[in-house]
1. So is Ala186 at pLDDT below 85 and surrounded by fewer than 16 Cβ atoms within 10 Å (Cβ to Cβ) or not?
2. Those residues that are surrounded by 11 or more Cβ atoms within 10 Å (Cβ to Cβ), β-branched (Val, Ile, Thr) and modelled with pLDDT of 90 or more, I need them from the stretch 132-161; list them, please.
3. Based on what the data block shows, is Lys79 closer than 29 Å to Leu136 by Cβ and touching a residue at least 12 places away in the same chain (Cβ under 8 Å)?
4. Here's a check for you: in the stretch 85-131, which residue that is among the aromatic types (Phe, Trp, Tyr) and assigned to a helix (DSSP H, G or I) is modelled with the lowest pLDDT?
5. Would you be able to tell me the number of residues in the stretch 61-119 that are crowded, with 16+ Cβ neighbours inside 10 Å and among the basic types (Lys, Arg)?
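The values are calculated or read from the model by the stated rules, or taken from the named source; none is laboratory data. Note that the structure is predicted; figures quoted are calculated from it, not measured. Glycine gets a Cβ as well: all are built from the backbone with ideal geometry, and neighbour counts include every protein chain shown.
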Amino acid sequence: MMTQPSAMIDLEVAAHRAAAGEERATRNKATMRDLHEKAARTWWRLAGGAALLLGIIGIPLPLLPTTPFLILAAFCFSKGSDRLHDWLVNHPRFGPSIRDWRAHGAISRRAKVVSAIAMVAAFAIAVALGVPAYALAIQAVALTGSAAFVLTRPEPPRDPVTEPVFAEPLSDGSSDDMRRPSDIDAE
């Protein structure tokens with residue numbers, strides 16, 4: 001039986017140790033990356049929850065806007081949790097304003113009216129409380145700028161579900177394909 005020289009055994013051991021070290025380093029990098037991604041997702045979920053909470057608080061409070069916080073919450077949830085993002089965007093009360101803003105940069109007429117009334121009410125309350133003139137001036141400038149922004153946004157298009165649906169002939173000549181006008185325009 002032939003024995004290997006000690007130098008060759010040392011090289012094999014060193015090569016084996018190097019390979020094991022690289023594998024361990026790769027595994028450690030993957031573990032660190034997973035921890036970093038998990039921490040980032042957790043941070044995005046917390047930020048989304050905070051934005052959602054502020055949006056909900058803003059419903060009855062005239063100076064705390066609801067829609068921008070809901071849009072921020074949807075953005076944060078899109079980075080941290082698909083489930084929470086989908087829940088918020090498809091929520092029957094919160095979802096439409098987010099979808100309108102994303103698709104068209106639009107604010108509904110009802111939201112514009114409610115915003116304008118809330119801004120006027122907030123200013124009237126400040127006047128009634130005898131707030132100093134300099135604070136009223138600052139509030140007037142801020143509310144005027146906010147109102148100008150909100151009121152100049154376009155209104156969302158009509159709900160596609162309420163658009164008339166009509167039959168359009170299929171490529172084979174039959175007419176049992178029911179499509180909306182917007183579907184035809186997209187072709």
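1. Values: at pLDDT below 85: yes; surrounded by fewer than 16 Cβ atoms within 10 Å (Cβ to Cβ): yes.
So Ala186 fits the description; yes.
2. Ile138, Thr144
3. On the way: closer than 29 Å to Leu136 by Cβ: no; touching a residue at least 12 places away in the same chain (Cβ under 8 Å): yes.
In short, no.
4. Within the stretch 85-131, the subset among the aromatic types (Phe, Trp, Tyr) is 87, 94, 101, 123.
Now drop any that are not assigned to a helix (DSSP H, G or I), which leaves 87, 101, 123.
Details: Trp87: 90, Trp101: 85, Phe123: 92.
The qualifying residue modelled with the lowest pLDDT is Trp101.
5. Count: 1.
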